[in-house]
Amino acid sequence: MERDHRNRTLREAGEARVVDFERLRLAQADRSDLAAKVRLVSKEDGDGAGYDIRSFAPDGAERLIEVKTTVGGQTTPFFLTRNERALSTERPDAFRLYRLYDFTRTPRLFQLTPPLEQAVTLVPETWRAGWGVVGGVGNKCQGKFFLWGGISAADGAGGRASSSALEPPVLPLFTADPLGLATRQLTDASVLHA
C-alpha cells in the first residue's frame with residue numbers, strides 16, 4: 001500500500017510538472033490562448049483515456065500526452081496500458097509519450113512519438129483472465145481451479161460448478177500449507193481483496 005501511495009504521488013507530481021511545462025512552452029510560443037486550454041485529463045475526467053494531458057502544438061494541433069515519471073535513469077523501464085498503446089496507434093499524429101526521469105534529483109524529459117516500437121521494446125507482461133468467450137473461443141470451467149496466493153478451489157468440493165461458460169464457477173475456497181498437506185475452509189472472503 002505504501003508503494004502504491006509513493007507511485008501515485010510520483011505520477012501526480014510528474015503530471016503536474018508536465019502541465020506547467022506545456023503551458024510555459026505555449027506561452028513562450030506566443031500561444032497563451034492554447035496554454036489556457038491545457039488540461040490534466042487524468043485528474044479532471046479520470047484515468048483510462050489513454051493519455052494524461054491534453055495540450056497543443058503551437059499551430060493548434062491537438063497533443064494527447066501520456067506522462068511516465070521515474071526517479072530512476074533515462075532507460076528505466078516503464079509500463080504502458082492497453083488504452084495508451086491503442087491510442088498511440090489510433091492517433092499517432094496527436095499522441096506523445098513524455099518520459100520524465102531523475103525526477104527527485106535533476107528532472108529531465110524526453111518525448112517519444114509513434115510508432116513507439118521504433119524507440120522502445122514492447123513486451124506484454126499482463127494477462128486478462130475471465131470466463132466466457134474470448135476472441136471467439138469459449139472457455140468451459142471444469143476440474144480444479146488454481147487462484148492466486150496459494151488459494152485453490154476444487155470442483156465437487158461442496159460447491160456447484162458453473163452452469164454457463166459466461167459465469168465463473170461458484171466453489172468453496174480452501175487454503176493449503178506450502179506442502180499441500182493440510183487444508184482448511186476459508187470463512188473470510190476478504191482474503192480475495194487483500
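The values are calculated or read from the model by the stated rules, or taken from the named source; none is laboratory data. If you're wondering where the values come from, they're calculated on a predicted model, not measured in any experiment. Heads up, the Cβs are rebuilt from the backbone with ideal geometry, glycines too, and the neighbour counts pull from every protein chain shown. These accessible areas exclude ligands, DNA and RNA; they are computed on the full protein's heavy atoms, side chains included. Shrake-Rupley method; radii C 1.70, N 1.55, O 1.52, S 1.80 Å.
Contact map, segment 71-88: first residue under 13 Å from residue 119 (Cβ atoms) and free of Cβ contacts under 8 Å to residues at least 60 places away in the same chain, second residue surrounded by 13 or more Cβ atoms within 10 Å (Cβ to Cβ) and hydrophobic (A, V, I, L, M, F, W, C), Cβ cut-off under 7 Å, separation 6 or more or different chains; pairs are 88/95; 88/116.
Considering each of 10, 64, 97, 40 in turn, give the residue that is within 30 Å of residue 128 (Cα to Cα) and either touching a residue at least 40 places away in the same chain (Cβ under 8 Å) or in contact with a Pro (Cβ under 7 Å, 6 or more places away or on another chain) (or both).
On the way: 64 fails: either touching a residue at least 40 places away in the same chain (Cβ under 8 Å) or in contact with a Pro (Cβ under 7 Å, 6 or more places away or on another chain) (or both); 97 fails: either touching a residue at least 40 places away in the same chain (Cβ under 8 Å) or in contact with a Pro (Cβ under 7 Å, 6 or more places away or on another chain) (or both); 40 fails: either touching a residue at least 40 places away in the same chain (Cβ under 8 Å) or in contact with a Pro (Cβ under 7 Å, 6 or more places away or on another chain) (or both).
Only one candidate passes the filter, namely 10.
Within segment 101-127, residues that are closer than 23 Å to residue 83 by Cβ sit with their Cβ atoms under 7 Å from residues that are open to solvent by 90 Å² or more (accessible area, probe 1.4 Å) and assigned to a strand (DSSP E or B), at 6+ positions apart or across chains, in these pairs: 101/108.
The condition (being aliphatic (A, V, I, L, M), crowded, with 18+ Cβ neighbours inside 10 Å and touching a strand residue (DSSP E or B) at 6+ places or on another chain (Cβ under 7 Å)) is satisfied by just one residue among 10, 100: 100. If you filter segment 67-87 down to residues that are more than 23 Å from residue 128 (Cβ to Cβ) and of a type in the set (A, V, I, L, M, F, W, C), you find that the one that is least open to solvent (accessible area, probe 1.4 Å) is 67.
Cβ-Cβ distances below 9 Å connect the following pairs, each with a first residue in segment 13-26 that is closer than 12 Å to residue 98 by Cβ, a second residue that is open to solvent by 100 Å² or more (accessible area, probe 1.4 Å) and basic (Lys, Arg), and a separation of six or more residues or different chains: 15/43.
Filtering segment 14-48 down to residues that are surrounded by fewer than 16 Cβ atoms within 10 Å (Cβ to Cβ) and among the aliphatic types (A, V, I, L, M), which residue is nearest to the chain's Cα centre (by Cα)? Only one residue fits best here, namely 16.
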